[in-house]
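Following: one structure in structure tokens, then a few remarks.
The values are calculated or read from the model by the stated rules, or taken from the named source; none is laboratory data. Bear in mind the structure is a predicted one, so any value in this text is a computation, not a measurement. For neighbour counting, all protein chains shown are included, and Cβ atoms are generated from backbone atoms with ideal geometry for every residue, glycine included.
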Amino acid sequence: MTARTRFCGGLLRISRALRTVALSLVTGCVFSVHASFGAVHGDNDTSHSSGHGTHTKTHNTTYPATRAFPVLTVNYDHVRKPFEISLWILLASLMKLGFHYIPRVSSVVPESCVLIVVGLLVGGLIRLLGETLPVLDTQLFFLCLLPPIILDAGYFLPTRPFTENLGTILVFAVVGTVWNSFFIGVVLYGVCQIEGEQLAAVDLLACLLFGSIASAVDPVAVLAVFEEIHINELLHILVFGESLLNDAVTVVLYHLFEEFASEGQVTVVDACLGMVCFFVVAFGGILVGTVFGLVAAVTSRFTAHSRVIEPLFVFLYSYMAYLSAEVFHLSGIMALIACGVVMRPYVEANISHKSYTTVKNVLKMWSSVSETLIFIFLGVSTVAGPHSWNWAFVIITIFLCLISRVMGVVGLTFIINKFRMVKLTGKDQFIVAYGGLRGAIAFSLAFLLPSDHFPMKNMFLTAIITLIFFTVFVQGMTIRPLVDLLAVKKKKQTKFTINEEIHSQFINHMLSGIENVCGHYGHHHWRDKLSRFNKYYVKKWLIAGERSQEPQLISFYNKLELKQALLVAESGSAANIGPGLSSAALLSAQSQKQRTVMKNISKEREEEIRKILRANLQKTRQRLHSYNRHTLVLEEEDEWSTVQLRRQRVELEKRMTHYLTVSASGWDSPPVRRARFQSDSQEYMAKPSAPVSIPAINMELVSAPPGSLALLEEVTDQAQQSQDEGCGMHANSHEEKSMKPNVTFALELEKQKLSRCLSDPGPNKIEVEAEEKEHFLS
Amino acid sequence: MIVVLSRSMTILLLLKVFFCFSAVSHSQITRLYSRFHSLDKGENGALSREDFQRIPELAINPLGDRIINAFFPEGEDQVNFRGFMRTLAHFRPVEDNEKNKDPNSGEPLNSRNNKLLFAFRLYDLDRDDKISRDELLQVLRMMVGVNISDEQLGSIADRTIQEADTNGDMSISFSEFIKVLEKVDVEQKMSIRFLH
């Protein structure tokens, strides 16, 4: 590409992006302005409107006679709230779209930063126009925006690395957060006292409260940034798990300090009760989540007749778990995570594949939108204020947060490494420390503070916002180049292989055996016990029907096959089917041979073959109407097309079963033949029939009374079967020559499917035709 | 009691002299020795297969027999404490600093390769350095139970071999085995903290 075209292309892209951004911004602002404008004027309209009507007509009660009948009226107030909400969501989604069209930005800046900036811009615009700004309402945040993200995270939590590193995660979450809060709170208090003036009013408890708010690592921000840097699984689960589990600590500390601050004094009893409260909050949340998860699993057992509402149960039960936990001031996040984790294996075994896809996609969509909205609102709320900037306080806060995080991580890792088998290196520690981002939860908690008890609330708010901006912008933007610089291990491309599954299970069994020999009750021992308990007692109740007996390996394998079969169906072209198949072993040897046979066909031949095929297929369609049992003479072409017809019908039937047994990985066409062939043969193999030699069949065919199509059908079926059997028999002999007819026969079967798909039928067609004629008419 | 103690001391000495896992601590050895002793019902200083089979959880482990066999060297029926320790040494966690200590003593028993070799040998009963389809089928059958049909197991086995097989011999060699498990964190999976 020349420089000029490149320049033009870049220009085009940028202009498109700018256009999108500008358009959406303007739309958003105009409408939100209009919304607030409409709110003012809405009152005037209410007297004229009643009930539900479109905006073209409104029911009017009494009208002065002089007024003309209003054809077109505007009643915005009516739809105001949903309209505004939809507009905001639309704005968020358009932003998300536009983000990827700006070439340079998306690789340097994480999405969350851009969204905050957009929020700032929108907020600025709205303020310029003099309207009231929507602030990140705490209730809205905690009840509507946060749960989808947490549910998405919890439902798809990779349980194996999570449980393996649970000790580390808990230590970081609990001890780390407590350390952070106290360190920040106490040192901040000291600084405030030293600073004097306006800061002297800040007492210790308020500082501690501020510390607890500022110390919590935020799951939303962590997810947003870590998703993009594709870091290795261990680090991802460490930071992410910590951000999820520290919710319990944050909730407890927050409520604790809030109570104490309003009380004004603390006793030892209170402190002890605080610790008890922590356990209650954490385990209570988990308990609530588990209960709801089990109920969801039981419900999903009975949904066989109404598959359509299955996803709804997943969402409802999880949301109820969250809300129930919030009622008792337990940790809603932990309840949600527990519910998702408990529910998942049983629900997935029970619900249909479509429901599973629905659940997955809706969760992803919801959480994505929520995340976008949160960041935008964060930006808008920043503009909204009210702010009280205090240089010393803010700078000290940021500084302290960084220092305490680093100290906490290093100190804790030193202790943890004594108990870990795979130690955390310095690089790992750095990433864990650096990845401790703050986000919207901190903001909302600060926003929730009652300003009568906390006169310095605005200062806190400003400091928190600055902290969030700092961590998200500075740390978020620099973490990617740092990861590359430090050469931290990235996430390996996981392709679920059955090998890994089998060997991992094998190793697990082996290890639990060795542990038993040593007399050691370790990780594997307990995991084994849990899975045995699960198998014998729990699965019976929670999984419908026969699937409760299915071992994990088999369900994994089935899932894999199904996934790949659907991949084939979606891609629509048979050419994607690869060599990984559920085929009988006896044909796998054959497959090796076939691969060599089918390699060298030229393009011209392919064209000819395609032409012939299309012609024949059309003829077949004509034939459908015009056959007559008395005219069924076995001519060359007639025979050909009737046989084709027969095979088409059989193929259709087999398609259903094929999609359950065929697996795919994208490879070239020769294996396609093999795929069809093998699965066909497998089908045929199942039917017991005496092998008939080929010449004998031919004679039968000719001597058959020119009559019932059924008989012909049967005969041709048998012919096919015997061909296949013949193939099967020949497989063992490994003769190349006898392969040829079998191969061509396979190609025969192939053809119909391929030609129907109007895709490249592949090689060897002409030979097929020739041989085919030979077989039946010799 | 004194006899037992001094025995453990001599064994400790022997181990330190003859084996490269000299980094095993005294407390670990005594712990394992007392376990060995508690398993040894016949009090003859060596374990037989029946002694192992008396461990309750091992009986329900699908791979129980194979694990027991792994302790016994070729053709023998008794394993002494040295052999016991040798087999268990495969499961020590991998430590980075060990590599620097003994450059000419070969690979330590608990290296990644040796751990994988141990697992491989549990599959490969006939010791032909290949996991054939039949061997794989046997293992699958043990792990999966009796409810699954032979054809389904057969197709899983075929799929497994197809995925792993790079040289087309329809069986999994040791190098293919290593390659397939390269993404799995073997060092962590195949280590027991007890031996740390």
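Can you tell me which of A:R480, A:R438 is part of a helix (DSSP H, G or I) and not β-branched (V, I, T)? After applying the criteria, what remains is A:R480.
Within segment A:167-186, does at least one residue satisfy the condition of being over 24 Å from A:G211 (Cα atoms) and part of a helix (DSSP H, G or I)? Yes; the residues of segment A:167-186 include at least one that is over 24 Å from A:G211 (Cα atoms) and part of a helix (DSSP H, G or I). It is to be established whether one or more residues within segment B:67-79 are within 12 Å of chain A (Cβ to nearest Cβ), modelled with pLDDT of 80 or more, touching a strand residue (DSSP E or B) at 6+ places or on another chain (Cβ under 9 Å) and not in a helix (DSSP H, G or I). The answer is yes; a qualifying residue exists. All conditions but one from (1) in contact (Cβ under 8 Å) with a residue 24 or more places away in the chain; (2) of a type outside the set (A, V, I, L, M); (3) more than 10 Å from chain A (Cβ to nearest Cβ) apply to B:E50; the one that does not is (1).
Answer yes or no: is there a residue in segment A:293-300 that is in contact with a Lys or Arg (Cβ under 9 Å, 6 or more places away or on another chain), buried (at least 19 other Cβ atoms within 10 Å of the Cβ) and within 28 Å of A:V222 (Cα to Cα). Yes, the conditions are met somewhere in segment A:293-300.
Summed over segment A:136-158, the residues that are closer than 16 Å to A:A384 by Cβ, surrounded by fewer than 16 Cβ atoms within 10 Å (Cβ to Cβ) and touching a residue at least 12 places away in the same chain (Cβ under 8 Å) give a count of 1.
Among the residues of segment A:86-116, those that are surrounded by fewer than 16 Cβ atoms within 10 Å (Cβ to Cβ) and within 13 Å of A:I376 (Cα to Cα) comprise A:I89, A:L90. Considering segment B:16-44, the residues that are modelled with pLDDT under 75 and assigned to a helix (DSSP H, G or I) include one that is nearest to B:R92 (Cα to Cα), namely B:K16. Residues in segment B:135-167 that are at the interface with chain A (Cβ under 7 Å from one of its Cβ atoms) and over 19 Å from A:P551 (Cα atoms): how many? Number satisfying all stated conditions: 3. Being within 32 Å of the chain's Cα centre (by Cα), among the small types (G, A, S) and within 14 Å of chain B (Cβ to nearest Cβ) is not true of A:G439.
Okay, residues lined up against (1) surrounded by fewer than 17 Cβ atoms within 10 Å (Cβ to Cβ); (2) among the hydroxyl-bearing types (S, T, Y); (3) under 28 Å from A:A442 (Cα atoms):
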| site | (1), (2), (3) |
| --- | --- |
| A:V288 | no, no, yes |
| A:T303 | no, yes, no |
| A:L316 | yes, no, yes |
| A:A338 | no, no, yes |
| A:K354 | yes, no, no |
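Taking the options A:V409, A:V394, name whichever one is within 35 Å of the chain's Cα centre (by Cα) and closer than 28 Å to A:V108 by Cα. Within the list A:V409, A:V394, the selection yields A:V409. A Cβ distance below 7 Å, combined with a sequence gap of six or more or placement on separate chains, defines the contacts here; from segment A:69-82, residues that are of a type in the set (D, E, K, R) reach residues that are at pLDDT below 85 and exposed (fewer than 13 other Cβ atoms within 10 Å of the Cβ) in the pairs A:D77/A:T46. The set of residues from segment A:522-536 being among the aromatic types (F, W, Y) and either within 27 Å of the chain's Cα centre (by Cα) or surrounded by 12 or more Cβ atoms within 10 Å (Cβ to Cβ) (or both) comprises just one member, A:W526. Looking at segment A:505-514, is at least one residue outside any loop (DSSP other than H, G, I, E, B), more than 7 Å from chain B (Cβ to nearest Cβ) and among the polar types (S, T, N, Q)? There is at least one residue in segment A:505-514 that is outside any loop (DSSP other than H, G, I, E, B), more than 7 Å from chain B (Cβ to nearest Cβ) and among the polar types (S, T, N, Q).
Does A:S404 satisfy being surrounded by 15 or more Cβ atoms within 10 Å (Cβ to Cβ), under 30 Å from A:L97 (Cα atoms) and either at pLDDT 85 or above or basic (K, R) (or both)? Criteria not met by A:S404.
With respect to A:E348, is the statement that it is under 18 Å from the mean Cα position of the chain (by Cα), assigned to a helix (DSSP H, G or I) and not basic (K, R) true? So A:E348 passes the test.
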